[in-house]
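A.B. asks: Take a look at this one; I'll ask things after.
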């Protein structure tokens, strides 16, 4: 929301929707009245707190928000397994869609959303905002300068400690699992580094007791030139958000490559044998840039079509990972 407010000359916040009983429970005939009342009170209270902070209107149901004539675009921050249903409904109601990552839980569903968006000339944007951060280009410029020589290997790691057990990330029915939550980031960045000829050639996921979803994993991606990226991700891990770029003359490492917030000044270290030098990278507001890119897709047909390919590419990589297991 702070990023959205910065973009208020391009896009205006209309309001927030909270789930109706049917949207939350499904068949409400099997749900006690007390449970329904508690759900509605809880969700309305959360929505009210949000509106108190940022203004806008409360819509008592996702469908009511989507069908509202006051709304031109919908932001979907719901758990992954719910993205397809609500994004499809929004697109079919003529709304542009800004969806959190992953766009859906499978390639076929993402393809269907792209088809509808394309037919109706609507923007469909997946919010991997880190790709807009200036630090990525700054690191790329160092590599292109030749300072660390020829690149021989990339390593990307993204993982974090356990959260509360009721977190949707551990719920298979909601699209939980380390691959969609953390692994997608590493594959997105690997594609940025290796280019669109990169393919997933090995994949592994691992489970731990008492959890129904994969909790950590790894994979290898290789492009047509033979350049390799080794990726690791997890949700039961010591926190890591790192890239290592190993060259013939030196190695670059940076430790907030995927999650640098607004105002944070990232750094990178160049190691040449036993000599180390730490340098600053630019700070940035990647979320604001992602919103700005979404608005560009709304207003520009070429950007819209290009963005469809970006979504398809990411969904294809996740599909390749699953096929390699």
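The values are calculated or read from the model by the stated rules, or taken from the named source; none is laboratory data. This one's a predicted model, so the numbers in the text were calculated from it and none came from an experiment. Positions of Cβ are generated from backbone atoms using ideal geometry, with glycine treated the same way; all protein chains shown enter the neighbour counts.
A.B. asks: Scanning the stretch 164-182 for residues that are assigned to a loop (DSSP other than H, G, I, E, B) and in contact with a helix residue (DSSP H, G or I) (Cβ under 7 Å, 6 or more places away or on another chain), which turns out surrounded by the fewest Cβ atoms within 10 Å (Cβ to Cβ)?
C.D. replies: 175
Residue-wise test of (1) in contact with a strand residue (DSSP E or B) (Cβ under 7 Å, 6 or more places away or on another chain); (2) surrounded by 17 or more Cβ atoms within 10 Å (Cβ to Cβ); (3) at pLDDT below 95; (4) outside any helix (DSSP H, G or I).
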position	(1), (2), (3), (4)
5	no, no, yes, no
10	no, no, yes, yes
13	no, no, yes, yes
37	no, no, no, no
41	no, no, no, no
50	yes, no, yes, no
65	yes, yes, no, no
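A.B. asks: How about the stretch 257-276: which of its residues are touching a strand residue (DSSP E or B) at 6+ places or on another chain (Cβ under 7 Å) and in contact (Cβ under 8 Å) with a residue 24 or more places away in the chain?
C.D. replies: Of everything in the stretch 257-276, those that are touching a strand residue (DSSP E or B) at 6+ places or on another chain (Cβ under 7 Å) and in contact (Cβ under 8 Å) with a residue 24 or more places away in the chain turn out to be 257, 258, 259, 266, 268, 270.
A.B. asks: Hey, another quick one. Consider residue 225 carefully, then state whether it is surrounded by fewer than 13 Cβ atoms within 10 Å (Cβ to Cβ), at pLDDT 95 or above and not in a strand (DSSP E or B).
C.D. replies: Working: surrounded by fewer than 13 Cβ atoms within 10 Å (Cβ to Cβ): yes; at pLDDT 95 or above: yes; not in a strand (DSSP E or B): yes.
So residue 225 passes the test.
A.B. asks: Please enumerate the residues belonging to the stretch 5-48 that are in contact with a helix residue (DSSP H, G or I) (Cβ under 6 Å, 6 or more places away or on another chain), free of Cβ contacts under 8 Å to residues at least 60 places away in the same chain and either more than 22 Å from residue 86 (Cα to Cα) or not assigned by TED's automatic domain parsing to the domain that holds residue 66 (or both).
C.D. replies: Matches in the stretch 5-48: 31 only.
A.B. asks: Give 84, 98 a once-over and let me know the one that is surrounded by fewer than 24 Cβ atoms within 10 Å (Cβ to Cβ) and either within 15 Å of residue 311 (Cα to Cα) or touching a helix residue (DSSP H, G or I) at 6+ places or on another chain (Cβ under 6 Å) (or both). Talk me through it step by step, then tell me what you get.
C.D. replies: Details: 98 fails: surrounded by fewer than 24 Cβ atoms within 10 Å (Cβ to Cβ).
It is 84.
A.B. asks: Further, regarding this structure: Do any helices (runs of 4 or more DSSP H) lying entirely in the stretch 79-149 carry at least 1 residues that are in the same structural domain as residue 170 (by TED's automatic domain parsing), in contact (Cβ under 8 Å) with a residue 60 or more places away in the chain and closer than 30 Å to residue 274 by Cα, and which ones are they?
C.D. replies: Working: elements: 83-92, 107-120, 134-144.
Counting at least 1 such residues, we get 134-144.
A.B. asks: Among the residues of the stretch 139-151, is there at least one that is within 19 Å of the chain's Cα centre (by Cα) and either surrounded by fewer than 17 Cβ atoms within 10 Å (Cβ to Cβ) or modelled with pLDDT of 95 or more (or both)?
C.D. replies: no
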